[in-house]
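S.K.: This is the structure I have questions about; it appears just below.
Every number here is computed from the coordinates shown, using simple stated rules; none is lab data. All figures in this text were calculated on a predicted structure; none of them were measured in a lab. Don't worry about glycine lacking a Cβ; one is built from the backbone with ideal geometry, like all the others, and counts go over all protein chains shown.
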Amino acid sequence: MAIDNDSDFKAALSKLSRAGQRLVAARFAENVLVLSKDPRVKGAINAAKRADITEDELAAAAQSAKKASVDSFTQCGKECDWNSQAGHFVAQAAVASLKPAEPGDSPAWNAAMHARMARTSESIAAGRGTDNAESAAQYRILAEFLNV
């Protein structure tokens, strides 16, 4: 099954286990990591990518990513710096990748949406339009993860 639209993307994500959700969400966040300057975000994403991570380590990484998200949000202030906003969305993607999956929730979908918002913020900062390249990259990342 080729993944080339959000309906197929969301359907494929919904079939993943909790660990699968975390692992692919971390890959989505990692794809936009260049937009974050916060080492806590990188650490959180690296933690989320570990297949052998413990619940305590997940909780600690999630707390660190959440602090980075809050700090980056307050940096944006009234006059938004779109590059800072991009960093905030990367941190949010990291938080989503570490969040426990609850019934009806998809941490991987949430991470994907935050990653897309990070790219959109980057595009606004650069004064160029968005071309949905991040969506296409996410479809590819998921297909590679699923080996399809």
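S.K.: Roughly how big is the stretch 6-146's charge dipole about its Cα centre, with Cβ charges of +1 (Lys, Arg) and -1 (Asp, Glu), in debye to the nearest 20? Please list the in-between numbers first.
M.R.: Details: 18 positive and 17 negative charges, 16 e Å.
Taking the Cα centre of the stretch 6-146 as origin, the dipole is about 80 debye.
S.K.: For the stretch 7-92, what size does the Cα cloud have along each of its three principal axes, sorted from largest down, in whole Å?
M.R.: Projected onto its principal axes, the Cα set of the stretch 7-92 covers 41, 34, 18 Å.
S.K.: At 7 Å along Cα-to-Cβ for each site, give me the label-to-label distance between ALA11 and ASP81 in nm.
M.R.: 4.4
S.K.: With θ taken as phi - 60° and the coefficients 6.51, -1.76 and 1.60, list the Karplus ³J(HN,Hα) couplings across the stretch 7-19 in order, rounded to whole Hz; mark glycine and proline as x.
M.R.: 5, 5, 4, 5, 5, 5, 4, 5, 8, 7, 5, 4, 5
S.K.: Just the Cα atoms of the chain, one point each, no solvent: what log10 I(q)/I(0) does Debye give at q = 0.12, 0.15 Å⁻¹?
M.R.: -0.45, -0.70
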